[in-house]
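Okay, so here's the structure we're looking at.
The values are calculated or read from the model by the stated rules, or taken from the named source; none is laboratory data. In this text, all values refer to a predicted model and were calculated from it rather than measured experimentally. Cβ placement follows ideal geometry from the backbone for every residue including glycine, while neighbour counts extend to all protein chains displayed.
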Amino acid sequence: MTMPEAEHVAVNVDPEGFVLLEHYAELLDALRESAKDFSAAVDDRSRLEASRRALYGVIHYLSFDPVVMNEKLMAPLGMLKTAAYDAGRGARTIPLLTHAPLEENKKPTGLARETIQGMLAGGLELLMRNKVGRERGAEIVAALAREEGVRCEDSAPIGPKQIITWKKEISAGRGPKVAVEAFENFRKQPLNVPFFARDSNSSHEACRSHLRLWLHSISITAGRSAPREARRALK
């Protein structure tokens, strides 16, 4: 499929009789195929191509909606699609994706990896609050992360020592600001609050099941976002 990719023009279709459901199966097929290719990809170029096709599937589906087309509601998605296409073709300067750090003369901060860092440290804290030792808790979080597909930015698995280090840094106030905020937000989320209550006596299996569901949700949208580490201990 070449760029630019033309969308279906639905501006003359009567909104009263318009049904997107008939195209939903097509969307699911496109997303399944893209997800399959994404999982099988061995490099970031292939992952980008699979991601771009998934985005195009969503755009294609929405293009059957006359309201979306008439009000030009897909302009932001279209710009992302074009940027992803150009990046996949090797373009080095893409205005939409090329920006200086928010703070002058400093490294970029507030990245997605810092959010994942804080959330994984929160998972360890949840286990420790329910009488699971620190080392054992880190092993559980790392194992669940591997099973659910939550990995580092370079696709390497997350090790228990990494999680312990993140927890120590956050508890000592030395962690990245966004990681600290993610850690606190994790503790305050309604579904997590009972596990952090002083009188919590949740079973280890209940904690494990809860964390598995939570890590599964992370894997869907941020499966390769944890900070990478030069040297890992995965035992």
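Can you tell me which condition Glu184 does not meet? The list is (1) surrounded by 15 or more Cβ atoms within 10 Å (Cβ to Cβ); (2) under 23 Å from Ala112 (Cβ atoms); (3) not basic (Lys, Arg), and all the others hold.
Single failed check for Glu184: (1).
Mind listing whichever residues of the range 145-164 are within 19 Å of Ser209 (Cβ to Cβ) and surrounded by fewer than 21 Cβ atoms within 10 Å (Cβ to Cβ)?
Arg146, Glu147, Glu148, Gly149
May I ask you to list pairs of residues, at least six apart or on different chains, whose Cβ atoms are under 9 Å apart, with the first in the range 202-222 being outside the structural domain of Ala54 (by TED's automatic domain parsing) and in contact (Cβ under 8 Å) with a residue 40 or more places away in the chain and the second being exposed (fewer than 14 other Cβ atoms within 10 Å of the Cβ) and assigned to a helix (DSSP H, G or I)?
Ser202/Pro194; Arg212/Glu147; Leu215/Glu147
Please pick out the residue among Thr98, Thr115 that is among the hydroxyl-bearing types (Ser, Thr, Tyr), over 18 Å from Lys168 (Cα atoms) and either assigned to a loop (DSSP other than H, G, I, E, B) or touching a residue at least 24 places away in the same chain (Cβ under 8 Å) (or both).
Within the list Thr98, Thr115, the selection yields Thr98.
Across the range 159-201, what is the total count of residues that are part of a loop (DSSP other than H, G, I, E, B) and either among the polar types (S, T, N, Q) or in contact (Cβ under 8 Å) with a residue 40 or more places away in the chain (or both)?
Of the residues in the range 159-201, the ones part of a loop (DSSP other than H, G, I, E, B) are 159, 172-176, 189-192, 197-201.
With the extra rule that they be either among the polar types (S, T, N, Q) or in contact (Cβ under 8 Å) with a residue 40 or more places away in the chain (or both), the set shrinks to 159, 175-176, 189, 192, 200-201.
Residues in the range 159-201 being part of a loop (DSSP other than H, G, I, E, B) and either among the polar types (S, T, N, Q) or in contact (Cβ under 8 Å) with a residue 40 or more places away in the chain (or both): 7 in total.
Only one of these is of a type outside the set (Phe, Trp, Tyr), over 24 Å from Pro227 (Cα atoms) and either touching a Ser or Thr at 6+ places or on another chain (Cβ under 9 Å) or surrounded by 17 or more Cβ atoms within 10 Å (Cβ to Cβ) (or both): Ala121, Ala83, Ala112, Ala75. Name it.
Sole residue among the options that is of a type outside the set (Phe, Trp, Tyr), over 24 Å from Pro227 (Cα atoms) and either touching a Ser or Thr at 6+ places or on another chain (Cβ under 9 Å) or surrounded by 17 or more Cβ atoms within 10 Å (Cβ to Cβ) (or both): Ala83.
Please state which one of Leu215, Leu211 is part of a helix (DSSP H, G or I), at pLDDT 95 or above, of a type outside the set (D, E, K, R) and in contact with a helix residue (DSSP H, G or I) (Cβ under 7 Å, 6 or more places away or on another chain). I'd like the intermediate steps shown before the answer.
On the way: Leu215 fails: at pLDDT 95 or above.
Only one candidate passes the filter, namely Leu211.
From the set of residues in the range 114-162 that are hydrophobic (A, V, I, L, M, F, W, C) and under 14 Å from the mean Cα position of the chain (by Cα), which is nearest to Glu181 (Cα to Cα)?
Filtering the range 114-162 for residues hydrophobic (A, V, I, L, M, F, W, C) gives 116, 119-121, 124, 126-128, 132, 138, 140-145, 150, 152, 156, 158.
Now restrict to residues that are under 14 Å from the mean Cα position of the chain (by Cα): 116, 119-120, 145, 150, 152.
On the way: Ile116: 11, Met119: 9, Leu120: 12, Ala145: 21, Val150: 20, Cys152: 20 Å.
Filtering first and then ranking leaves Met119.
Among the residues of the range 163-193, count how many are at pLDDT below 95 and in contact with a Lys or Arg (Cβ under 7 Å, 6 or more places away or on another chain).
Count: 0.
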